[in-house]
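The values are calculated or read from the model by the stated rules, or taken from the named source; none is laboratory data. Remember, predicted model here, so these are calculated numbers, not experimental data. All Cβ positions, glycine included, derive from the backbone under ideal geometry; neighbour counts span all protein chains shown. The area values use the complete protein model at the heavy-atom level, side chains included, leaving out ligands, DNA and RNA. Shrake-Rupley method; radii C 1.70, N 1.55, O 1.52, S 1.80 Å.
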Amino acid sequence: MWTKERREKLWKAAKAIIFTAGFVCIFLSLTKLMQYKAAVTRMEPFFEMEEQIDVMLFGTSHVTDGVLPLELWGNYGISSYNFGNNAARIPLTYWKVENVFDYQVPRLVVMDCSYLSSDNKTSTVLQQSHNVLDPFPLTKTKQAAINDLMQEEENKLEFFWPFSIYHNRWNELTKKDFVVEYNSELGAEPKYQVATPADYDKIGADEKIARETVAMEYIGRLILFCRERGVPVLLTYLPCPANSTRQKEANTAYDLAERYGVNYINFLDLPDVVNFMTDCNDADSHLNASGAKKVTDYLGAYIGEHYNIPDRRPDAAYSSWNDAYTSYLDRKATAFGTQKLLSSYLMLLADKDIKSRVYVRSDSVILKDERMSALLENIEQYGADSEVKILSPEEFAANSEENADADIKLYVYRADTGELADETAFTVTSEQPLTIRRAN
C-alpha cells in the first residue's frame, strides 16, 4: 500500500535522480564547450556515421595531411577515415585503434611508422594526447589507455576528468567554441602551401635502428590486436625529405613487416610517387594537397590489388558519401578564388578534377625559377586535359587584353561539368626576392 511516508521517500529519491541526471548533463555539456575543439572536430563525424568504414588510416600528421579519404572514394569507391594526429607516438596511436574498434571494425587498418625509433608513449606536449583521447567517452578501453600511457597520477586525473584543465578557459572562448565547424574531409586536413624541400642524403638500406624500441613493441601489439579480429594491417612510411633517423625508421619497418607477416609500403623508396619540389607543405615533413593526391592514388591502387575492399559507390546505403564527394569537388573548384600565392594556385591545378589553361609570358622571370617551372610541369602531368603555353609578349598581350602587363594568365574549369571555376592573372612585382601579386 502506498502510504504518505512511502510516497514522500519515492518523491525525494526521484528528485535526487533528476537532479543528478541534470547535473551530469550540464557537466558534460560544459566539458564539451570548454575543451579545445581540435579534440572533437575531426572525430565527431566518425561517431555519427552509420555506414561501414572499410579502411582506417592511423599515424601522425603525416597521415592527416598526406592521405585524402574523399580521393579514395572518388577514384576507388573505398570508404575510409583518417585518424591521424599531430605528433602522435605509436603507443598512443595503438590505444586510439582500440578505442575506435569499440565503434567499428574495418576490413583494413593502414598504420604509418613515423616515430618508430621513439621510446616515448605520448608526445611531449600533453595537449596533443588530449586531442587523441578526449573525444572518446570514459569506457574500460579508455581507462586502460590512460593507465598505460600516463605515468604521473596528476596526468591521469586530467584525462579521466578533462574538465579539471578546461574549466578556466572562459576568457578564451570564441564563436567557434559555440558553433563548431566539424571536419568535412573524413578526418584529413589537406594543406595548400608549397615549400622548398630540405636537403637530405640517402642512406644505405642496411642502416636501421640498432635496438628494439617501445614503438616497435606497440606496432606488434597493434598487428596482433587487429589479427585477432580478422583485420589485416598495412604498414606505411609516408614520403618526406627524410633525415637519417627517419630513413632508419623506414628501413627498420621492412623487418617488422616480415616479422609479423604484413605488407609494407616505404614511400621513401618510391621516389617517383611525389616530387618534393612541388609536393611539400613545409621543408622537411608534411605533404601539400598535390603530394597527398599522389600518395592517396598510389595507396588506393595498392589496396585494390592486395585486399578485398569493395567499391561502395553504387551502394544506395552510401548515397551520403557520393553527396560528400560532390561537395568536395565544389570545395576544390572554389579554393582557387582564395589563393593569394601563385605557388599554391599552381599546385592546386595538378588535379584530375581540374582543367586549366595557363599562359606564361616568355620573358617572365617566373620561367627562371626552379620551383615555378616544376609546378608548371606538375600541371601538365597531373591536371585533367590541362595545357601550359609559353607565349611571346605580343601573343600574351593578345590573349590577355585585361591583364596585358601580367606575367601569367590562368583559366580554371571543373573537369566534371566544364564550368569556369576561376579566371585570374599574376604579376611579378619584384625579382629579388621573387614577389608575385595576384590581380584583383
Largest-first semi-axes in Å of the equivalent ellipsoid built from the Cα gyration tensor of region 262-404 are 33, 21, 13
Derived scalar couplings ³J(HN,Hα) [region 64-79; Karplus, 6.51 cos²θ - 1.76 cosθ + 1.60; whole Hz; x for Gly, Pro]: 3, 8, x, 10, 10, x, 6, 6, 4, 5, x, 8, 10, x, 8, 7
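What do you get for Rg/Rh of region 243-331 when both radii come from the Cα atoms and Rh is the Kirkwood radius? Present the calculation step by step, with values, prior to reporting the outcome.
Values: Rg = 16.7 Å, Rh = 15.8 Å.
Looking at region 243-331, the ratio lands at 1.05.
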Over all directions, region 334-440 yields a Cα convex hull whose mean projected area in nm² is 6.1 nm²
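Out of region 60-147, which chymotrypsin sites (Phe, Trp or Tyr not before Pro) are coil in DSSP terms and have no more than 13 other C-beta atoms within 10 Å? All intermediate terms of the calculation are to be shown ahead of the outcome.
Details: sites: TRP73, TYR76, TYR81, PHE83, TYR94, TRP95, PHE101, TYR103, TYR115; in loops: PHE83, TYR103, TYR115.
Answer in residue order: TYR103.
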Could you give the length gained on full extension between GLU395 and GLU217, defined as 0.36 nm per residue of separation minus the Cα-Cα distance, in nm? 57.7 nm
Inter-probe distance in nm under a simple model that places probes 7 Å from Cα toward Cβ, at GLU387 and THR196: 3.4 nm
Efficiency of FRET from Cβ geometry, ASP102 and GLU258, R₀ 35 Å, rounded to 0.05: 0.70
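Among the DSSP beta bridges whose two residues both lie in the chain, what percent are antiparallel, rounded to the nearest 5?
On the way: 19 of 39 bridges.
Roughly 50 percent of the beta bridges in the chain run antiparallel, per DSSP.
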Helix 214-228 sits off the longest principal axis of the Cα atoms of the chain, rounded to the nearest 10 on a 0 to 90 degree scale, by 70 degrees
Quick one: accessible surface of TYR413, probe radius 1.4 Å, all protein chains present, in square angstrom to the nearest 10. 60 Å²
Counting sequence-distant residues (5 or more places) and residues on other chains, those with an amide H built under 5 Å from that of ARG89 are SER123
ILE436 long-range amide H proximity, modeled H, under 5 Å: THR429
Give me the distance in nm between label points sitting 7 Å out from Cα along the Cα-to-Cβ direction at ASP323 and LYS368, one decimal. 5.4 nm
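At 222 nm, what value in deg cm²/dmol follows for the chain if DSSP H runs of at least 4 each add -39500 (n - 2.57) and the sum is divided by all its residues, to the nearest 500?
Working: 18 runs with 193 residues, N = 440.
Here the helix-only value at 222 nm equals -13000 deg cm²/dmol.
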Rounded to whole Hz, the Karplus (6.51, -1.76, 1.60) HN-Hα couplings of region 358-375, x for glycine and proline: 10, 10, 10, 6, 4, 9, 6, 5, 3, 6, 8, 8, 4, 5, 4, 4, 5, 5
Give the range of the longest stretch in the chain that excludes all GluC sites (Glu not before Pro) found in loop regions by DSSP and having at most 13 other beta-carbon atoms within 10 Å. 213-418
Residues whose modelled amide H sits under 5 Å from the amide H of ALA421, counting only those 5 or more places away in sequence or on another chain, are VAL412, TYR413, ARG414
Work out how far the C-alpha atoms of region 44-102 reach from end to end along every principal axis, then list the three figures in whole Å, largest first. 31, 25, 16
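Give the calculated FRET efficiency between PHE47 and THR245 to the nearest 0.05, with a Förster radius of 51 Å applied to their Cβ-Cβ distance.
Working: r = 36 Å, r/R0 = 0.70.
The formula returns an efficiency of 0.90 here.
How big is the Kirkwood radius of region 199-293, worked out from every pair of different alpha carbons and given in Å to one decimal?
Result for region 199-293, one decimal place: 14.5 Å.
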Estimated inter-spin distance, TYR307 and THR139, nm [label 7 Å along Cα→Cβ]: 2.0 nm
Whole-Hz ³J(HN,Hα) from phi, Karplus 6.51 cos²θ - 1.76 cosθ + 1.60, for region 49-54, glycine and proline x: 6, 9, 6, 5, 9, 7
